[in-house]
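Encoded as structure tokens, the structure appears first; notes follow it.
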Amino acid sequence: MSFKHEIVETNAGVLLVLTMMAISVGGLVEIAPLFFIKDTTEKVDGVRPYTPLESRGRDLYVREGCYLCHSQMIRPFRDEQLRYGHYSLAAESKYDHPFQWGSKRTGPDLARVGGKYSNEWHVQHLLSPRSVVPESVMPNYPWLLETKLDISDVGDRMRALRVVGVPYSANQEEYDRNVKQFGEKVAKTLVIADAQKNLVAQAQEGNYDGDRSSVSEMDALVAYLQVLGTMVDFSKIKPEELVKFR
Amino acid sequence: MADNSKNPATNPATTQVQTTGHVWDDDLQEFNNPLPVWWTYTFYVTMVFALVYWVVYPSWPIGKGFLTGVNTITYKNAEGQDESWHWNTRAKLLKEMQDATLAQKPYFDKLTALPYDKIAKDPELSSFVVSAGKTLFSDNCAPCHQSGGQGKIGFFPNLTDDDWIYGGSYDKINETISNGRHGYMPPFGEALEADQIDDLANYVATLSGLKADAAKAAKGKELFHGQTGACYYCHNNDGKGRKDIGSANLTDKVWLWADVPGAADDAGKVAAIRKTISTGVNKGVMPAWNGRLSEKQIKLLTEYVHELGGGK
């Protein structure tokens, strides 16, 4: 026998490398094929990158740790579909870096909370959840309304996302491509150079926190919550088409 | 060492076990105890199970696709024809949803066919409405209208009383739920002087029989019905409001925006009304549910809300 067990047992380095190779097999078998199987991401219309304001809202969602209590992944089960709406599609989180699927539901799933409540409800609920849902265990987030949103680096944040594949446009060519893919209205919101201007304009127009005089963190977070799960129009898709993507 | 049995390297009970032959630090050995037989065979059974599973269910990736398995699920497609696809959770869900719809079909068919007032008179159907309606209401409406539909002053209207901002007929309730509502009253804080608003508040208080300063109320009355305040334009000359735009009835004891019931004394009640007149009302947003809920579900909820109390 040329190979001796003893060699592995007495060399920590070799043992480490071989152990890592052994346990990565499971990961490789499960994850790697998804990059090659052509039906992983459904071909549906409507999914677009977040606007600068929504994207900042998403940053706050991560900062405040909302994902610790809320998932954004409706599984294809009957009870979930009845409670939360249509099951989540892979395509719907294709511009999420990192995705917010989550694994813990102390509170309800938020994947389709957009449009379910009014802005006023969200503001009141975030300030003081128990004032609208008496039995809630969600914490109060009073500082969101008092704190002005830091928009100084929103362009840099979009540039970083662009590097990992979100189609924010940095030049005319990319803008033209976005116009073709998303239409002119959306393409305009994806221009990195106009990020701050677009952000303020959306906050003014949407008036998410009920105060137009400045852009608060509340504006951004509510704008983000209100777009969740609203991009795909399921009335235009036959259910059996989605079945065939699996 | 006198007692041999304490030393595993020399204890006969252990030295009879097979070892891998490795010895460290003089007497540290690695034994080779075979697994119990039952364990080994269970392990083989799981392997056989895995093989069967690979054949039946989607499993191994190959190239740009994967082994789909021989198991299929049959469901109805959008054209109503039977269609089969390899087993997957989405197909399974589609089938389950269709089966459940089928099981509820007799109820929903009846619900769709019957006019609203007949539904309440059918005991079987109305108990279906109550149980299904309660679930729908808790999931979608209770965060605003509260679990019993009692609402919250300053935010969301009470649905259990017989006072309706937009009308309590079946059709009006259905319209409210389907399309949503957004009541709007401009803020008068800038357009009017502080004492004019005070006069108006005193007048509004008298409309529902609250105690108020009679002299101020008289001045307020003129403002209300004249061009300066022009409140009559939306709240009508009788102060009962217009259901089409959801302007509140000011002559009843039900308040939504001005926290009159929460005020300690008469002065506090007038102050609450004053505040509402000067800030206006713009946060009464009832979301639209068509699209999110099906037509049948909205009909069911309409019946449910109507029966909560006070439907007209």
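Sorted by packing (mean other beta-carbon atoms within 10 Å per residue), highest first, where do A:9-15, B:279-285 land?
B:279-285, A:9-15
If amide hydrogens are placed 1.01 Å from N in the peptide plane, which non-local residues have theirs closer than 5 Å to the one on B:Glu30?
Amide H to amide H, under 5 Å and 5 or more residues apart or across chains, B:Glu30 pairs with B:Thr20, B:Gly21, B:His22.
Taking H as built 1.01 Å from N, whose amide H comes closer than 5 Å to the amide H of B:Gly183, not counting residues under 5 places away?
HN-HN under 5 Å from B:Gly183: B:Gly284, B:Met286.
Quick check on chain A: what are the equivalent-ellipsoid semi-axes from the Cα gyration tensor, as sqrt(5λ), descending, whole Å?
They are 37, 24, 22 Å, listed largest first.
Please give the solvent-accessible surface of B:Ile165 in Å², to the nearest 10, using a probe radius of 1.4 Å with every protein chain present.
Accessible area, nearest 10 Å²: 50 Å².
Go through B:Asp27, A:Asp153, B:Asp171 and list them by solvent-accessible area, largest first, probe radius 1.4 Å.
B:Asp171, B:Asp27, A:Asp153
How big is the dipole moment of the protein assembly as shown about its Cα centre under a simple scheme where the beta carbon of each Lys and Arg is +1, that of each Asp and Glu is -1, and everything else is neutral? Debye, nearest 20, please.
It comes to approximately 1120 debye.
How many nm separate the modelled label positions at B:Glu30 and B:Val52, each set 7 Å beyond the Cα in the direction of the Cβ?
Between B:Glu30 and B:Val52, the label points sit 3.6 nm apart.
Could you give me the ³J(HN,Hα) list for segment B:219-227, computed from phi with Karplus coefficients 6.51, -1.76, 1.60 and θ = phi - 60°, whole Hz, x at Gly and Pro?
5, x, 4, 5, 4, 4, 9, x, 7
Between A:Ala32 and A:Arg212, what length in nm is gained on full extension when 0.36 nm per residue of separation is reduced by their alpha carbon distance?
Net length gain for the segment: 60.0 nm.
Suppose every Lys and Arg Cβ carries +1 and every Asp and Glu Cβ carries -1, with no other charges. What dipole size does segment B:156-251 come out with about its Cα centre, to the nearest 20 debye?
Roughly 140 debye, rounded to the nearest 20.
Quick one: how many Å² of A:Ser24 are accessible to a 1.4 Å probe, rounded to 10?
50 Å²
Over the Cα atoms of segment A:21-113, Rg to Rh with Kirkwood Rh, two decimal places?
Radius of gyration over Kirkwood radius for segment A:21-113 works out to 1.01.
With point charges of +1 on the Cβ of Lys and Arg and -1 on the Cβ of Asp and Glu, referenced to the Cα centre of chain B, which listed residue (B:Ala217, B:Ser294, B:Val56) lies farthest in the positive direction of the dipole?
Looking along the dipole axis, the top candidate is B:Ala217.
5 Å is the cut-off here: which amide hydrogens, built 1.01 Å from N in the peptide plane, fall below it relative to A:Ser169, excluding neighbours closer than 5 in sequence?
For A:Ser169, whose amide H was placed from the backbone, the distant partners under 5 Å are A:Val191, A:Ile192.
Filter B:Lys121/B:Lys243; A:Lys94/A:Lys238; B:Lys95/B:Lys172; A:Lys43/B:Lys134; B:Lys134/B:Lys275; B:Lys64/B:Lys296 down to the pairs with a C-alpha to C-alpha distance above 31 Å, please.
B:Lys95/B:Lys172; A:Lys43/B:Lys134; B:Lys134/B:Lys275; B:Lys64/B:Lys296
For the charge dipole of chain A, defined by +1 on Lys and Arg C-beta atoms and -1 on Asp and Glu C-beta atoms about the Cα centroid, which residue among A:Pro139, A:Thr40, A:Val227 has the Cα displaced farthest towards the positive pole?
The one lying farthest along the dipole's positive direction is A:Thr40.
What does the accessible area of A:Arg48 come to, in Å² to the nearest 10, when a probe of 1.4 Å is used?
Probe radius 1.4 Å; accessible area of A:Arg48 about 50 Å².
Accessible area, 1.4 Å probe, largest first: how do B:Met286, A:Met218 sort?
These residues rank, largest area first, as B:Met286, A:Met218.
Can you give the relative contact order of chain B as a percent, counting alpha carbon pairs under 8 Å and 6+ residues apart?
It rounds to 17 percent for chain B.
Got a sec? What order do A:Phe35, A:Phe99 fall in by accessible area at 1.4 Å, biggest, i.e. largest, first?
Final ranking, largest accessible area leading: A:Phe35, A:Phe99.
Calculate log10 I(q)/I(0) of the protein assembly as shown for q = 0.05, 0.10 Å⁻¹, where I(q) comes from the Debye formula with a single equal point scatterer on each Cα and nothing for solvent.
-0.35, -1.03
Sequence gap at least 6, Cα distance under 8 Å: using those rules, report the relative contact order of segment A:1-115 to the nearest whole percent.
26 percent
In straight Cα distance, which aspartates and glutamates are under 15 Å from B:Lys216, not counting same-chain residues fewer than 8 positions off?
The qualifying aspartates and glutamates are B:Glu193, B:Asp195, B:Asp198, B:Asp199, B:Asp266.
Just the number, please: Stokes-Einstein D of segment B:191-287 in µm²/s, Kirkwood Rh from C-alpha pairs, 4 °C, 1.567 mPa s.
Answer from the Stokes-Einstein relation: 97 µm²/s.
Give me P(r) over segment A:137-189, computed from all C-alpha to C-alpha distances, binned every 5 Å, as integer percentages.
4, 17, 17, 17, 13, 10, 11, 8, 3, 1
Just how large is the dipole of chain A about the Cα centre, in debye to the nearest 20, putting +1 at every Lys and Arg Cβ and -1 at every Asp and Glu Cβ?
About 480 debye.
Based on the alpha-carbon gyration tensor of segment B:43-163, what equivalent-ellipsoid semi-axes (square roots of 5 times the eigenvalues) come out, in whole Å, largest first?
Those come to 46, 21, 14 Å.
So what J values fall out for segment A:15-29 if you push phi through Karplus, 6.51 cos²θ - 1.76 cosθ + 1.60 with θ = phi - 60°, rounded to Hz, Gly and Pro as x?
Computed from phi, the couplings for segment A:15-29 are 4, 4, 4, 5, 4, 4, 4, 5, 7, 6, 4, x, x, 4, 5 Hz.
The values are calculated or read from the model by the stated rules, or taken from the named source; none is laboratory data. Values in this document were obtained by computation on a predicted structure and should not be read as measured data. Note: ideal-geometry Cβ built from the backbone for every residue, glycine included; neighbour counts use all protein chains shown. Surface areas here come from the heavy atoms of the whole protein model, side chains and all, with no ligands, DNA or RNA. Shrake-Rupley method; radii C 1.70, N 1.55, O 1.52, S 1.80 Å.
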